[in-house]
Every structure is written in structure tokens, then in C-alpha cells.
Amino acid sequence: MKICRFNDGRLGVVQGDHLYDVTSARDQALRGAKSDRWSDPVIANLPAVIAAIGEPTRWGNPIPLNSVKLLSPVERPSKLVAAPTNYRDHIAEMQKVSASNPVKRPQDIGTAGMFLKATSSLVGPSEGIKLRFLERRNDHEVELALIIGKTANQVAQADALDYIAGYCIGLDITLRGPEDRSFRKSIDTYSVLGPWMVTADEIADPDNLRLRLGVNNEPRQNANTRDMVYSVRRLIEFASAFYTLHPGDVVYTGTPSGVSAIKPGDTLIAEIDNIGRMHVAVGAA
Ligand code: MN
């Protein structure tokens, strides 16, 4: 099932070029449902929400996708966890960029660990990216994003996929420069998630998905998640060794080579197998 959030926070189920507004089913499922401080209520109660939805077509007429505003599929994650340098070709690319700047020499993920992006940087595809510091370089990074479905603490690789509610396309927008990574990547609108969440049952192997990004129809990134240094399972084991992952938390799995500068007026077109495609407009803050 493809689950989206749209307009002023309504819940939808996407089928083809349309969606069904299942907001009433969500509200019914969440009435009296337990929710804790760090969990996104919809994701924490996803089985109940899906059961309440049943057959999506019974909730009214299909609404054309191009007539709605798509928001981040997760409303309130407690953390946006991100993998740096998780594709070998991107490590090589960044080593070239950083040759003149030894402070920024990339380490492998096992040494560098993961980093956090501020949750306040999160937007959906229709909200767009609002660049700051236009005199500096701002880059796109397309990434497979994992949505954690249940509380995950010190999870073993073998069990890791059981903790995933679904998958999205993630954009980890990055201001290049000397500041700490989480500072440069936490600017408002610099974390895009969308266009919807595909539930985990629809993706048999997250470690074999093609991902692509174009800027104004010009191809820039084209890779497969099988080339990740840390697999999806290993990333969940690694992250949950350090902190508990809560329902709704997002794991950005790292970007392949092909990152390049973006500027106001650009449109990013990002696509991942079995998830879909999203257009994201770039503007200025
Ligand atoms: Mn990234």
C-alpha cells in the first residue's frame, strides 16, 4: 500500500495517478490508541490504520494526485538518522572534492558513524526546497529512506527488516562548507521525504533498488542500493546500537555519486524502483 499525507495533513492511499482520502479511517483507528512521547501516531499504529482503511475505494471518489499538495509521509519523526558516505563511488567523488581541504576528508561509515538532521528540516515534495547561502554550493543527494515501524533497540541484522514500516524517497540537501555536517544539512526544507510511503510488504529486497535523480531532466545520479557499503539491515543494527529508533523515525541510507549543485528555479526529479517518482521545486528562502 502507498500511504501519503496531503493538503492540510489528510491521509491518502495512492493508486496509480489518484489517491483515496482515508482520513476518517485514520481518525477512527487512532481514537483511543496508545501513543508515546517519541512515536509518530500513524506509524506506531499502522496495522490498525490499514485494517480500518480496508478497501481504499470505499472512502470516496479518487482524487487526482496532481491536484493535491503532498506532505512528508511521516508527520512527526523523533529523529532523522543519516548515513554519510555509504556508496564507494560517492566516497571517491568526495575525496576528489576534499583534496584541497584535508579537514573534510571523508571517512568510511564504520569510522564516521551516522549523523542526525533536525526534524524541523523535514518537508514533503510539494513544499519544495528553499535554499539559503546562495553564494555557496548547495547539493542534491538522493537516498533510499527507511521508515521505522516499531521500537528498535540494539537490533541484530538478521531481525532488522522486521522493524521497517515502509520506504520513501529521501533527499538529503546539503550546504557544502566547513561547518559540522548536521548544521549544514539541517537548514529548513533540506530534508525531503516522499512522495508517499510504500509499506514494507511491497519491497522484497531493499538492497536491490535502482535510484535516480535528475535536475531539470538532466540525469545526475543513477545507482542501485546493492552498492551500499552498509546494507539496510546493517544500518538498522548500527543506528540502534547507539540509540533507540522509534516508530516514524527515518533512516536516510546515503547517496551514490553524481551529486551536483542546485539553484533556485531548478526542479529535481527523483525516482526509486517500486516506490515511485517525485518532482521537487527548488527556490530561495
Ligand atoms: Mn546524504
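The values are calculated or read from the model by the stated rules, or taken from the named source; none is laboratory data. Small disclaimer: the values here were computed from a predicted structure and weren't measured. Neighbour counts run over all protein chains shown; Cβ positions are idealised from the backbone, glycine included. Quick note on the areas: whole protein, heavy atoms, side chains included, nothing else; ligands and nucleic acids left out. Shrake-Rupley method; radii C 1.70, N 1.55, O 1.52, S 1.80 Å.
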Exercise. Which of the residues that make up the range 233-257 are surrounded by fewer than 22 Cβ atoms within 10 Å (Cβ to Cβ) and closer than 25 Å to M278 by Cα?
Worked result: S257
For this session: Give the residues of the range 202-218 that are without any contact (Cβ under 8 Å) to a residue 24 or more places away in the chain and not small (G, A, S), sorted by residue number.
Result: D205, N208, E218
For this session: With a cut-off of at least 2 residues that are within 16 Å of the ligand (Cβ to nearest atom) and open to solvent by 60 Å² or more (accessible area, probe 1.4 Å), name the helices (runs of 4 or more DSSP H) lying wholly within the range 5-98.
Result: 88-97
For this session: Just name the residue that is nearest to G110 (Cα to Cα) out of those in the range 213-232 that are among the hydrophobic types (A, V, I, L, M, F, W, C) and open to solvent by less than 10 Å² (accessible area, probe 1.4 Å).
Result: V232
For this session: Say whether the condition of being under 23 Å from I129 (Cβ atoms) and either basic (K, R) or outside any strand (DSSP E or B) (or both) is met by at least one residue in the range 161-168.
Result: no
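Rundown of residues vs (1) closer than 25 Å to H90 by Cα; (2) open to solvent by less than 10 Å² (accessible area, probe 1.4 Å), yes/no style:
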| residue | (1), (2) |
| --- | --- |
| E143 | yes, yes |
| I148 | no, yes |
| D172 | yes, yes |
| S182 | yes, no |
| D205 | yes, no |
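Residue-wise test of (1) more than 16 Å from the ligand (Cβ to nearest atom); (2) under 17 Å from D249 (Cα atoms); (3) at pLDDT 95 or above.
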| position | (1), (2), (3) |
| --- | --- |
| F115 | no, yes, yes |
| G124 | yes, yes, yes |
| E135 | yes, no, yes |
| N138 | no, no, yes |
| E141 | no, no, yes |
| A145 | no, yes, yes |
| G149 | yes, yes, yes |
| Q154 | yes, yes, yes |
